Structure formats: C-alpha cells, structure tokens
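Written below as structure tokens is the structure these notes are about.
A short reminder: the numbers here are calculations on the coordinates, not readings from a lab. Here the structure is a predicted model, which means the values were calculated and not measured. Methodologically, a virtual Cβ is constructed for each residue, glycine included, from the backbone with ideal geometry; neighbour enumeration extends over all protein chains shown.
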Amino acid sequence: MLTGIMAFDENVQEWKIWIGHDVFGISAGMDFEICIDCYYYKAIFEKDYFDWFVTIEDDVGFSLRLVETYKVRVQEKELNPIVDLPF
C-alpha cells in the first residue's frame, strides 16, 4: 500500500491523489483506505452526478468536502497516472 493525500483539483474539477510528487487520477469504483481520526477504513470512491462521496466498510457513505485534504492508502494497481502533455 502506498500512502498519500487526496484533494480536489479546482482547475479540472476532479479529485486526485498525490503520492510524493506523482499525481494520480481517481475513478468511480476505486478501492482505497481513507484516514479518519487516525484510523484507516476501507472505502470505495463513488460519484453521483456532481456529488463525490465514499462508502466506508460497505456500510456508511459520506460526501467529500471540496476544501478538505484526506490522507489515503492505495494499492499500486489502483493508481492511474496523469500525464501532462504539451498539446
């Protein structure tokens, strides 16, 4: 598992994960762990129209706040690198 942060990128209106200096995209259905009160919980990233939310432990769902930064742990196979192309 890799540890990083998840934050909302206002420029492209999407959530992204930063692990060190590397940036990764997030897609609906992505499995990861999110830190709440110093504990990591298994979560799934989901999107419903313009509302982004996570479902924790297949039971509790909550909307992500666009102004918050969340600590996350992700398996490497779940990561989608974002490449900035010059054109």
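Before moving on, here are some points about what is shown:
- Among the strands (runs of 3 or more DSSP E) confined to the stretch 1-86, the ones with at least 3 residues that are surrounded by 12 or more Cβ atoms within 10 Å (Cβ to Cβ) are located at 2-9, 14-19, 22-25, 31-36, 39-48, 51-56, 69-74.
- Contacts under 8 angstrom Cβ, first residue in the stretch 10-31 being of a type outside the set (F, W, Y), partner assigned to a strand (DSSP E or B) and surrounded by fewer than 10 Cβ atoms within 10 Å (Cβ to Cβ), 6 or more apart: D22/P81; V23/P81; G25/P81
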